[in-house]
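Student: What follows is a structure written as structure tokens; I'll ask about it next.
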Amino acid sequence: MPRRLLIDTNLLVLLVVGRTSVDLVARHRRTTAYDAAAFDLLDRYLLAGFNALVTTPHILAETSNLASACTEPARSRIMRTLAAFIRSAEEIAREARVVVESDPFERLGLTDAAIMALVGEVEILTDDLPLYLAASRSGVGVTNFTHLRAAHFD
């Protein structure tokens, strides 16, 4: 069975900024919690046996807003990298009016509740603890990037 990986917003911002320029990771205000080594780990993890990268319109909207929060010329370069990711990824949409009726919505918000609507269809990579815990309780394949970093760098 093909392995499909969904990357949560903060990690997608890291991926897009890092693929634009590893030097930007330390300077972009939305990726200062990471460094070049974290980007490298993320990039290598994505190449480790996944057949497809999956995203949602909600993740893409958040990523676009967060990743573009910088000045030119970096902003345009980052947006071109995001566009390339969007062209290559599989996008799965769940209507917001349906997602807001789900149990996770009140606890996790729209984007994460839409991710939870994909449980069983994708594996999830996140550094968001509430999403990680909710997905773990559902028995879905989920990896906490913070744990992955600790295992590789401690």
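Student: Let me confirm something: among A37, A67, A33, which residue is over 21 Å from L118 (Cβ atoms) and modelled with pLDDT under 95?
Tutor: Numbers: A37 fails: modelled with pLDDT under 95; A67 fails: modelled with pLDDT under 95.
Testing whether each residue is over 21 Å from L118 (Cβ atoms) and modelled with pLDDT under 95 leaves just A33.
Student: Residues of the stretch 51-76 being surrounded by 17 or more Cβ atoms within 10 Å (Cβ to Cβ), touching a residue at least 24 places away in the same chain (Cβ under 8 Å) and either over 25 Å from V142 (Cα atoms) or not acidic (D, E) (or both), which ones? Give the steps one after another, and end with the answer.
Tutor: Keep residues of the stretch 51-76 that are surrounded by 17 or more Cβ atoms within 10 Å (Cβ to Cβ), which gives 53-56, 58-60, 62-64, 66-67, 70, 74.
Subset that is touching a residue at least 24 places away in the same chain (Cβ under 8 Å): 53-56, 58-60, 62-63, 66-67, 70, 74.
The answer is L53, V54, T55, T56, H58, I59, L60, T63, L66, A67, C70, A74.
Student: Okay, moving on. Could you list, ordered by first residue, the pairs with Cβ atoms under 8 Å in which the first is in the stretch 100-117 and within 16 Å of G139 (Cα to Cα) and free of Cβ contacts under 8 Å to residues at least 40 places away in the same chain and the second is buried (at least 17 other Cβ atoms within 10 Å of the Cβ) and of a type in the set (K, R), at least 6 apart or interchain?
Tutor: Pairs that qualify, where the first residue is within 16 Å of G139 (Cα to Cα) and free of Cβ contacts under 8 Å to residues at least 40 places away in the same chain and the partner is buried (at least 17 other Cβ atoms within 10 Å of the Cβ) and of a type in the set (K, R), are A117/R94.
Student: On the basis of being over 20 Å from R80 (Cβ atoms), more than 15 Å from the chain's Cα centre (by Cα) and in contact (Cβ under 8 Å) with a residue 60 or more places away in the chain, does A48 make the cut?
Tutor: Details: over 20 Å from R80 (Cβ atoms): yes; more than 15 Å from the chain's Cα centre (by Cα): yes; in contact (Cβ under 8 Å) with a residue 60 or more places away in the chain: no.
It is false that A48 is over 20 Å from R80 (Cβ atoms), more than 15 Å from the chain's Cα centre (by Cα) and in contact (Cβ under 8 Å) with a residue 60 or more places away in the chain.
Student: I need a count of the residues in the stretch 130-154 that are of a type outside the set (F, W, Y), at pLDDT 90 or above and either closer than 14 Å to Y34 by Cβ or buried (at least 16 other Cβ atoms within 10 Å of the Cβ) (or both).
Tutor: Within the stretch 130-154, residues that are of a type outside the set (F, W, Y), at pLDDT 90 or above and either closer than 14 Å to Y34 by Cβ or buried (at least 16 other Cβ atoms within 10 Å of the Cβ) (or both) number 10.
Student: Moving on. Would you tally the residues in the stretch 42-64 being more than 15 Å from V122 (Cβ to Cβ), aliphatic (A, V, I, L, M) and at pLDDT below 95?
Tutor: Residues in the stretch 42-64 being more than 15 Å from V122 (Cβ to Cβ), aliphatic (A, V, I, L, M) and at pLDDT below 95: 2 in total.
Student: Considering the stretch 91-106 alone, what residues qualify as being of a type outside the set (A, V, I, L, M) and surrounded by fewer than 14 Cβ atoms within 10 Å (Cβ to Cβ)? So that I can check it myself, show each step before the final result.
Tutor: Keep residues of the stretch 91-106 that are of a type outside the set (A, V, I, L, M), which gives 91, 94-95, 97, 101-106.
Scanning the stretch 91-106 gives E91, E95, R97, E101, D103, E106.
Student: Among the residues of the stretch 121-152, which ones are hydrophobic (A, V, I, L, M, F, W, C) and under 18 Å from T31 (Cα atoms)?
Tutor: We begin by selecting, within the stretch 121-152, every residue hydrophobic (A, V, I, L, M, F, W, C); these are 122, 124-125, 129, 131, 133-135, 140, 142, 145, 148, 150-151.
The answer is L125, L129, F145, L148, A150.
Student: Quick check on the stretch 66-89. Is at least one of its residues under 13 Å from the mean Cα position of the chain (by Cα) and more than 12 Å from L12 (Cβ to Cβ)? Talk me through it step by step, then tell me what you get.
Tutor: First, the residues of the stretch 66-89 that are under 13 Å from the mean Cα position of the chain (by Cα): 66-67, 82, 85-86, 89.
So of that shortlist, the ones also more than 12 Å from L12 (Cβ to Cβ) come out as none.
No: zero hits.
Student: Also, quick follow-up: Testing D127 on (1) within 17 Å of T55 (Cβ to Cβ); (2) surrounded by fewer than 16 Cβ atoms within 10 Å (Cβ to Cβ); (3) of a type in the set (D, E), one condition comes back false. Which one is that?
Tutor: Condition (2) is where D127 drops out.
Student: With respect to the numbered conditions (1) at pLDDT 95 or above; (2) buried (at least 16 other Cβ atoms within 10 Å of the Cβ), which one is the sole condition not fulfilled by I86?
Tutor: (2)
Student: Can you tell me which of L129, L41 is aliphatic (A, V, I, L, M), under 17 Å from L15 (Cβ atoms) and either without any contact (Cβ under 8 Å) to a residue 24 or more places away in the chain or touching a His at 6+ places or on another chain (Cβ under 9 Å) (or both)? Explain how you work it out, then say what you get.
Tutor: On the way: L129 fails: under 17 Å from L15 (Cβ atoms).
Going through L129, L41 in turn, the sole match is L41.
Student: Looking only at residues in the stretch 1-38 that are polar (S, T, N, Q) and touching a residue at least 24 places away in the same chain (Cβ under 8 Å), which one is surrounded by the fewest Cβ atoms within 10 Å (Cβ to Cβ)?
Tutor: The first filter runs over the stretch 1-38 and keeps only residues polar (S, T, N, Q), leaving 9-10, 20-21, 31-32.
Next, only the ones that are touching a residue at least 24 places away in the same chain (Cβ under 8 Å) stay: 9-10, 20-21.
Values: T9: 27, N10: 20, T20: 22, S21: 14.
Only one residue tops the list, namely S21.
The values are calculated or read from the model by the stated rules, or taken from the named source; none is laboratory data. Keep in mind that what you see is a predicted model, and the values were worked out from it rather than measured. Counting neighbours? That spans all protein chains shown, and the Cβs are built from the backbone with ideal geometry, glycine included.
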